[in-house]
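Data block below; observations after.
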Amino acid sequence: MKISSIQLHVLQSRLDTPFAFSQGWVDRRSATLVEIRTDDGITGWGEAFCQGLETPQIAAAAIEHSFAPLIMGRNPLDTETLWFEMYHRSRDFGRTGAVMAAISAIDIALWDIAGKFYNQPVYQLLGGAMRNDIQPYATGFYRISGQNEADRLAEEAIMHFENGFRAMKIKLGFGVKDDLAVMQAIAKAMQGKEVELMIDTNHSYGRTEAFELGHGLAEFGLRWYEEPVVPEDIAGYAELRQRLPVPIAGGENAHSLYGFKSLFEAGAVDIAQPDIGSCGGFTAARHIHILAQAFGVEVNPHVWGSAVAQAASLQWIAALPITHHALFARQPILEYDQSSHPFRQHLTEQPVKMDAGRVSISDAPGLGISVIDDTVNNYRI
Ligand code: CA
């Protein structure tokens with residue numbers, strides 16, 4: 001079997017209501033999808049994760065000009081071989097960011113093809129399912145005006161609770177005072193309810209403010225504090241992890257086993273959060289979770305892409321081993337973004353659905369998705 005075509009689909013849609021996270025205003029949603037076909041007639045889909053402020057054309061260009069010529073005509077089942085070839089070829093200009101997202105998209109598509117070839121879900125090829133469903137958590141609490149939105153965000157918490165969520169991640173990083181006011185309003189709205197809370201500042205603070213916020217939230221019993229400082233400040237992560245009584249999470253801006261090795265060696269995180277659409281796909285995700293086992297670090301994937309990346313994340317999560325095993329061990333939870341995304345729910349025949357507080361994981365071959373051509377055509381740029 002040989003790779004016979006590699007087609008890119010760059011999708012984008014403007015949002016009716018732009019929203020802010022700590023790094024800026026998001027006014028559109030984008031996705032870089034790759035569709036790889038084989039001479040056997042098998043099609044695989046992959047996605048390069050596109051951050052809120054990222055232009056999807058960067059990963060697309062890396063696929064088109066650097067990686068497609070390299071893998072064309074090759075055996076798509078050679079996932080490990082092709083991953084290292086792509087990584088080595090791009091070492092001097094890649095290793096992180098959109099170039100790694102490009103490798104991720106291709107790798108995901110190759111595993112989708114492998115699953116369809118062997119007639120097995122990807123998790124089976126990864127070694128089997130540790131779980132068949134997962135508890136989702138609501139990622140939300142973005143800003144519509146900026147600061148002073150505590151009351152509206154407390155109402156949003158009630159909405160997520162009423163929709164069945166029992167875990168939520170609050171976007172902070174809008175000034176420590178404003179952040180604390182938001183958390184107090186949400187905690188009051190959730191009083192007496194069994195809800196786990198996490199926070200995510202998207203690296204908006206230096207160590208001093210990051211500590212001040214974490215210290216101010218010590219009483220909230222947070223499950224994690226995500227991206228407290230910039231990803232370059234690995235020593236800052238480690239320092240905060242030593243000083244704060246809150247588990248520190250990060251890794252959506254780290255890539256491959258090499259990037260996570262640096263985080264783990266420094267003792268930077270309690271919880272590693274690789275994104276399958278940017279860490280290097282399934283091949284790298286598996287390297288990273290094995291490395292995390294060796295360092296005793298919990299892994300809880302980051303998921304913010306469209307339906308293709310969500311499906312890939314679910315397949316990985318199915319096969320993700322627990323680092324701290326126990327009879328009643330803490331399980332990973334699924335990031336389930338609640339922000340506006342015009343094409344995510346209509347991109348595949350199998351959009352993510354929450355049922356009785358759980359999201360089930362497909363046991364169909366490959367990623368278990370059928371991409372809807374009309375949606376791809378409608379949003380293609
Ligand atoms: Ca995040």
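The values are calculated or read from the model by the stated rules, or taken from the named source; none is laboratory data. Here the structure is a predicted model, which means the values were calculated and not measured. All Cβ positions, even for glycine, are placed from backbone atoms using ideal geometry, and neighbour counts span all protein chains on display. To get the accessible areas, we keep the full protein, side chains included, count just its heavy atoms, and leave off ligands, DNA and RNA. Shrake-Rupley method; radii C 1.70, N 1.55, O 1.52, S 1.80 Å.
Selection of the range 303-342 for residues being away from the ligand (no atom under 16 Å from the Cβ), in contact with a helix residue (DSSP H, G or I) (Cβ under 8 Å, 6 or more places away or on another chain) and modelled with pLDDT of 95 or more yields 306, 307, 308, 312, 315, 316, 318, 319, 320, 321, 323. Evaluate the following for residue 32: is it open to solvent by 10 Å² or more (accessible area, probe 1.4 Å), in contact (Cβ under 8 Å) with a residue 24 or more places away in the chain and under 21 Å from residue 310 (Cα atoms)? Here the answer is no, as residue 32 does not meet what is asked.
Taken over the range 206-253, the criterion of being among the basic types (Lys, Arg) and at pLDDT below 95 is satisfied by no residue. Identify, please: which residue in the range 268-299 is free of Cβ contacts under 8 Å to residues at least 60 places away in the same chain and part of a loop (DSSP other than H, G, I, E, B) and is, among those, farthest from the ligand (Cβ to nearest atom)? Here the answer is 296. Within the range 267-302, the set of residues being out of contact with any helix residue (DSSP H, G or I) (no Cβ under 6 Å at 6 or more places or on another chain) and farther than 26 Å from residue 46 by Cα comprises 270, 293, 294, 296.
Listed here are the residues, each with its yes/no results for (1) in the same structural domain as residue 312 (by TED's automatic domain parsing); (2) open to solvent by 10 Å² or more (accessible area, probe 1.4 Å); (3) among the hydrophobic types (A, V, I, L, M, F, W, C); (4) modelled with pLDDT of 95 or more.
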| residue | (1), (2), (3), (4) |
| --- | --- |
| 20 | no, no, yes, yes |
| 68 | no, yes, yes, yes |
| 72 | no, yes, yes, yes |
| 77 | no, yes, yes, yes |
| 104 | no, no, no, yes |
| 118 | no, yes, no, yes |
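Among residues of the range 100-127 that are on the phi > 0 side of the Ramachandran plot, those with a Cβ under 9 angstrom from a residue that is surrounded by fewer than 24 Cβ atoms within 10 Å (Cβ to Cβ) and in a helix (DSSP H, G or I), sequence gap 6+ or separate chain, pair up as 127/286; 127/319.
Considering the conditions (1) without any contact (Cβ under 8 Å) to a residue 40 or more places away in the chain; (2) over 30 Å from residue 349 (Cα atoms), residue 249 is excluded by exactly one of them, (1). Please specify each residue of the range 197-211 satisfying the condition of being within 16 Å of the ligand (Cβ to nearest atom) and either of a type in the set (Asp, Glu) or under 22 Å from the mean Cα position of the chain (by Cα) (or both). The answer is 197, 198, 199, 200, 201, 202, 203, 204, 205. When restricted to residues that are loosely packed, with under 15 Cβ neighbours inside 10 Å and out of contact with any strand residue (DSSP E or B) (no Cβ under 9 Å at 6 or more places or on another chain), the range 132-151 contains 3. Could we say that residue 265 is of a type in the set (Asp, Glu) and within 16 Å of the ligand (Cβ to nearest atom) here? In short, no. Take the conditions (1) more than 16 Å from the ligand (Cβ to nearest atom); (2) assigned to a loop (DSSP other than H, G, I, E, B); (3) closer than 21 Å to residue 147 by Cβ; residue 194 misses just one of them, which is (3).
Total residues in the range 300-316 satisfying the condition of being open to solvent by 10 Å² or more (accessible area, probe 1.4 Å) and free of Cβ contacts under 8 Å to residues at least 40 places away in the same chain: the figure is 0. For the range 251-262, filtering for residues that are among the charged types (D, E, K, R) and either within 14 Å of the ligand (Cβ to nearest atom) or within 24 Å of residue 367 (Cβ to Cβ) (or both) leaves 1.
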